[in-house]
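The block underneath contains the structure these notes are about, expressed in structure tokens.
The values are calculated or read from the model by the stated rules, or taken from the named source; none is laboratory data. Since the model is a prediction, treat every value here as computed from it, not as a measurement. Note: ideal-geometry Cβ built from the backbone for every residue, glycine included; neighbour counts use all protein chains shown.
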Amino acid sequence: MASKYNVEYIAGGATQNSIRVAQLQIPGATSYIGCIENEKFGEEMKKNSKLGGVNVHYYKDESAPTGTCVVCVVGGERSLVANLSAANCYKSEHLTRPENWALVEKAKYFYIAPFFLTVSIESILLVAEHAAANKKVFMMNLYAPFICEFFNDALEKILPYMDFVFGNETDARTFSKVRGRETENVEEVALKISQWPKASRTHKRITEITQGDPVVVADGGKLYFKSIHNHARVVVKVLFISGNDSSGDLSSGGSFLEEHQFLLGNSLLIHCLKVDLNIKNPR
């Protein structure tokens with residue numbers, strides 16, 4: 001496709017999307033670690049991430065080409081075809097190299113997409129345990145439903161370390177179903193997730209379930225804020241490109257705000273969600 005069409009290159013992938021959104025809000029404060037190959041697409045990935053202000057430290061694997069995702073936009077609709085390739089090849093020994101672990105030690109907030117559970121749970125545990133031991137903030141997303149269905153054991157190993165959990169209503173209902181619970185009530189599921197045992201008691205767990213009616217935010221067993229679905233409806237009407245699979249990336253990225261502010265209460269949660277919606281609707 002790249003040889004036949006005038007394509008535009010964008011540094012993507014679930015976690016990298018979230019970090020790039022966060023970078024828009026807090027310039028110069030983000031770093032990203034992932035896996036590419038040392039070839040054309042890998043160089044494009046590195047160049048585009050750096051242009052966006054993200055400090056990238058890629059593991060270069062020679063066994064598979066850089067992962068790609070073709071996005072075809074026609075009118076207001078889009079179609080995606082992904083080839084994960086090198087994204088499936090990350091190794092924890094890259095993370096523990098001094099120059100890379102220094103990024104972990106410096107960071108105060110961590111976000112890892114759940115797809116990485118299928119690649120290197122060892123790497124996730126290294127970061128999660130560091131966050132818990134050093135009173136830092138660790139965040140993950142539940143999407144997509146197959147993560148809850150087929151990688152449930154790995155997910156449950158990491159869940160105690162999560163201070164923020166993101167997902168949509170389908171993820172929440174799948175999470176509940178896999179555990180043998182009959183409820184499909186998104187609010188109840190959000191509450192249960194927020195009450196799941198934690199490895200660290202430094203922070204309460206905040207659970208945000210998007211696309212529900214209404215959007216649900218639960219904090220340590222209490223419904224914290226759930227009336228923003230009216231804002232979400234407005235945004236859905238004015239989106240230029242339809243599709244909801246990027247909402248989790250944007251929501252996660254929109255929640256990475258100024259240091260420690262997420263602890264200040266309801267007003268900040270509203271602000272995080274408004275930031276998320278503003279990014280979905282650039283004007």
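Only one residue in 63, 85 is farther than 30 Å from residue 133 by Cα, surrounded by fewer than 16 Cβ atoms within 10 Å (Cβ to Cβ) and either among the acidic types (Asp, Glu) or modelled with pLDDT of 90 or more (or both), so which one is that? Give the derivation first.
Values: 85 fails: surrounded by fewer than 16 Cβ atoms within 10 Å (Cβ to Cβ).
Result: 63 is the single residue among 63, 85 that is farther than 30 Å from residue 133 by Cα, surrounded by fewer than 16 Cβ atoms within 10 Å (Cβ to Cβ) and either among the acidic types (Asp, Glu) or modelled with pLDDT of 90 or more (or both).
Out of segment 45-86, which residues are within 17 Å of residue 31 (Cα to Cα) and either hydroxyl-bearing (Ser, Thr, Tyr) or in a helix (DSSP H, G or I) (or both)?
We begin by selecting, within segment 45-86, every residue within 17 Å of residue 31 (Cα to Cα); these are 45-60.
Scanning segment 45-86 gives 45, 46, 47, 48, 49, 50, 51, 58, 59.
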(request) Specify the residue that is surrounded by the most Cβ atoms within 10 Å (Cβ to Cβ); the eligible residues are those in segment 128-185 that are farther than 30 Å from residue 108 by Cβ and among the polar types (S, T, N, Q). (result) 174
(message) Let me spell it out: the conditions are (1) under 24 Å from residue 106 (Cα atoms); (2) surrounded by 14 or more Cβ atoms within 10 Å (Cβ to Cβ), and residue 51 meets all of them except one. Which number is the exception?
(response) (2)
(request) Any residue in segment 86-98 that's closer than 13 Å to residue 119 by Cα: show its pairings with residues that are in a helix (DSSP H, G or I) at Cβ separation under 7 Å, as long as the two are six or more apart or on different chains. (result) 90/123; 92/122; 92/123; 92/126
(request) Being surrounded by 13 or more Cβ atoms within 10 Å (Cβ to Cβ), over 28 Å from residue 125 (Cβ atoms) and among the polar types (S, T, N, Q) narrows it down to one of 68, 30, so name that one. (result) 68
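Return yes or no: is residue 156 touching a residue at least 12 places away in the same chain (Cβ under 8 Å), of a type in the set (Asp, Glu) and not in a loop (DSSP other than H, G, I, E, B)? Even if it seems obvious, please write down each step before you answer.
Details: touching a residue at least 12 places away in the same chain (Cβ under 8 Å): no; of a type in the set (Asp, Glu): yes; not in a loop (DSSP other than H, G, I, E, B): yes.
So residue 156 fails the test.
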(request) Quick one: residue 18 ticks every box in (1) modelled with pLDDT of 95 or more; (2) out of contact with any His (no Cβ under 9 Å at 6 or more places or on another chain) except a single one, so which number is it? (result) (1)
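Residues 172, 132: which one is within 16 Å of residue 206 (Cα to Cα), in contact (Cβ under 8 Å) with a residue 60 or more places away in the chain and in a helix (DSSP H, G or I)?
Details: 172 fails: in contact (Cβ under 8 Å) with a residue 60 or more places away in the chain.
Result of the check over 172, 132: 132.
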